[in-house]
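The values are calculated or read from the model by the stated rules, or taken from the named source; none is laboratory data. If you're wondering where the values come from, they're calculated on a predicted model, not measured in any experiment. Here Cβ is always computed from backbone atoms with ideal geometry, including for glycine, and neighbour counts include all displayed protein chains.
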Amino acid sequence: MTEAVILGLTGSIGQTAVRGCKSFKDNIHICGASVHSRVEQALSVCLENNIPNLCITSDAPCPETDKIRIWRNLKEMLLSLKADVVLNGISGSEGLKASVTVMETSPVLALANKESVVMGGSLLFSYAREHNCKIIPVDSEHSAIDELILTQGRENVSSLVITASGGPFRNSKPEELENITAAQAVKHPTWNMGPKISIDSATLANKGLEVIEAHYLFNFPADKIEVVIHPQSVVHSMVRTTSGQVYAQMSPPDMVFPIMRALLLYKFPHEAGKALDFTNLNLSFSALDSERFPFVSDAFECVRLEGAYPTVYNTANEIAVDAFIRGKIKFTQIRSVVRKALDLSWSEKISSFDDIYEIQAKVKRQVVL
Ligand code: NDP
Ligand code: MG
């Protein structure tokens, strides 16, 4: 029996993980979880699914409960539980601190929180090696590439092709983007996700983050990573091999597949979700219009420049998305805010996680909304 901890229990990733673990109840048990503010909701999920430990990462109050042990310190909980695998389904850059804690305490980090990879960069992977912690990607594109590299052999893979649905405004005219509301932007055509990543999918900042994520996870340079529009989200990504062939990974657009691949440590005793149905399945691919969605080109630039740039991209975007959700800026201003931040000088050398947190604080001081 694999013992698992789910960080970000109440989120889209957390809830899908609970659904997935239910269908593998003879193989995996959730021994602990974390929540930030939605404590009541987390408690009822814990009760319903026999999750005996819950860490509350904010100061939110918690009603009396005798069935669940409440923790207020993630490291203490993880050290005590000694789980086989910890899923990081926390949203945003706060997820980096949780990833660091998981690497210090646990053998496997199932990583959905892409911000950890974008900001942590190569430091994250050297830290994982130092602490003997294996990182398994959960982001669907990266899970697909991870699988394809495993099956093809790293030495035979010449480049990576990341698919992008193009988001809800793929076919909108530039002038229509101007007045998009947060409610429109969070409605994704193929995936059901939390608000931040849904807005990032609409601006394509999510694809930008994923380009940076792929660079650090698989160690391919910018010119060996492509982005291709694929609106159906069935092909999760592809690799080109040295022979000139292309291999793709397909499954229905349900995060249960990549989440359970990581939580079950690649071993599936049965299918994780519905089988792919080829009735009326028309798959299409087209080039990304980077003039209309410049966020992806900005990310390639960050991959080339490295250093503090990926952290700046992520942090400025997080600030801008938050301002958009609060109605302070327009949809089209999200990218301008990030571009202005990237245009400042970021020559700092990153040699510790504290350096990253300092860059974050500096971006927060300097970003102009
Ligand atoms: P959600 O917004 O749905 O959920 C976020 C979770 O993180 C909640 O449980 C929330 O707790 C918790 N949380 C929020 N802020 C903090 C904090 N400061 N400290 C600790 N916990 C916090 O997000 P998603 O599930 O959509 O995404 C989670 C991560 O996975 C993101 O990094 C995203 O990019 C990545 N991802 C998501 C995919 C998806 O399909 N959703 C696909 C691929 C990657 P509370 O409810 O109490 O606020
Ligand atoms: Mg993804």
Just wondering, is there one or more residues in the range 73-80 that are free of Cβ contacts under 8 Å to residues at least 12 places away in the same chain and basic (Lys, Arg)?
no
As an exercise: evaluate GLY92 against (1) surrounded by fewer than 23 Cβ atoms within 10 Å (Cβ to Cβ); (2) within 16 Å of ligand 2 (Cβ to nearest atom); (3) in a helix (DSSP H, G or I) and give the number of the one condition it does not meet.
(3)
Inside the range 127-143, the number of residues satisfying the requirement of being within 16 Å of ligand 2 (Cβ to nearest atom) and among the small types (Gly, Ala, Ser) is 2
The conditions are (1) part of a helix (DSSP H, G or I); (2) aliphatic (A, V, I, L, M); (3) within 18 Å of LYS267 (Cα to Cα), and LEU47 fails exactly one of them. Which is it?
(3)
Within the range 203-216, count every residue that is away from ligand 2 (no atom under 12 Å from the Cβ) and over 11 Å from VAL321 (Cα atoms).
3
Selection over the range 242-296 where residues are β-branched (Val, Ile, Thr) and over 19 Å from LEU148 (Cβ atoms) yields a count of 3
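Is it true that ILE56 is at pLDDT 95 or above, within 9 Å of ligand 1 (Cβ to nearest atom) and surrounded by 13 or more Cβ atoms within 10 Å (Cβ to Cβ)? I'd like the intermediate steps shown before the answer.
Values: at pLDDT 95 or above: yes; within 9 Å of ligand 1 (Cβ to nearest atom): yes; surrounded by 13 or more Cβ atoms within 10 Å (Cβ to Cβ): yes.
Criteria met by ILE56.
In the range 181-197, which residue that is within 15 Å of ligand 2 (Cβ to nearest atom) and in contact (Cβ under 8 Å) with a residue 60 or more places away in the chain is surrounded by the fewest Cβ atoms within 10 Å (Cβ to Cβ)?
At the first step, the residues of the range 181-197 found to be within 15 Å of ligand 2 (Cβ to nearest atom) are 188-194, 196-197.
Narrowing the set further to residues that are in contact (Cβ under 8 Å) with a residue 60 or more places away in the chain leaves 190-194, 196-197.
Numbers: THR190: 17, TRP191: 17, ASN192: 13, MET193: 20, GLY194: 19, LYS196: 20, ILE197: 25.
Applying the filter and picking the extreme gives ASN192.
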Within the range 217-273, the residues that are in a loop (DSSP other than H, G, I, E, B), surrounded by 15 or more Cβ atoms within 10 Å (Cβ to Cβ) and hydroxyl-bearing (Ser, Thr, Tyr) are SER233, SER251
Out of all the residues in the range 51-63, is one or more within 16 Å of ligand 2 (Cβ to nearest atom) and either of a type outside the set (D, E, K, R) or closer than 23 Å to SER126 by Cβ (or both)?
no
Could you check the range 295-369 for helices (runs of 4 or more DSSP H) lying wholly inside it with 3 or more residues that are over 21 Å from ASP200 (Cβ atoms)?
353-366
Given (1) more than 18 Å from LYS207 (Cβ to Cβ); (2) within 16 Å of ligand 1 (Cβ to nearest atom), index of the condition MET119 fails
(1)
Determine whether VAL186 is among the aliphatic types (A, V, I, L, M) and touching a strand residue (DSSP E or B) at 6+ places or on another chain (Cβ under 8 Å).
no
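Determine whether SER345 is surrounded by fewer than 23 Cβ atoms within 10 Å (Cβ to Cβ), small (Gly, Ala, Ser), out of contact with any Ser or Thr (no Cβ under 6 Å at 6 or more places or on another chain) and free of Cβ contacts under 8 Å to residues at least 24 places away in the same chain.
Working: surrounded by fewer than 23 Cβ atoms within 10 Å (Cβ to Cβ): yes; small (Gly, Ala, Ser): yes; out of contact with any Ser or Thr (no Cβ under 6 Å at 6 or more places or on another chain): yes; free of Cβ contacts under 8 Å to residues at least 24 places away in the same chain: yes.
Criteria met by SER345.
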Any idea which residue in the range 83-116 is nearest to ALA33 (Cα to Cα), counting only those that are within 8 Å of ligand 1 (Cβ to nearest atom) and acidic (Asp, Glu)?
GLU94
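I'd like the residue in the range 137-163 that is hydrophobic (A, V, I, L, M, F, W, C) and within 13 Å of ligand 1 (Cβ to nearest atom) and, out of all such residues, is surrounded by the fewest Cβ atoms within 10 Å (Cβ to Cβ). Reasoning before the result, please.
Narrowing the range 137-163 to residues hydrophobic (A, V, I, L, M, F, W, C): 138, 144-145, 148-150, 157, 160-162.
In the following step, the residues that additionally are within 13 Å of ligand 1 (Cβ to nearest atom) were identified as 138, 144, 162.
Details: VAL138: 28, ALA144: 28, ILE162: 24.
Looking at residues that are hydrophobic (A, V, I, L, M, F, W, C) and within 13 Å of ligand 1 (Cβ to nearest atom), I get ILE162.
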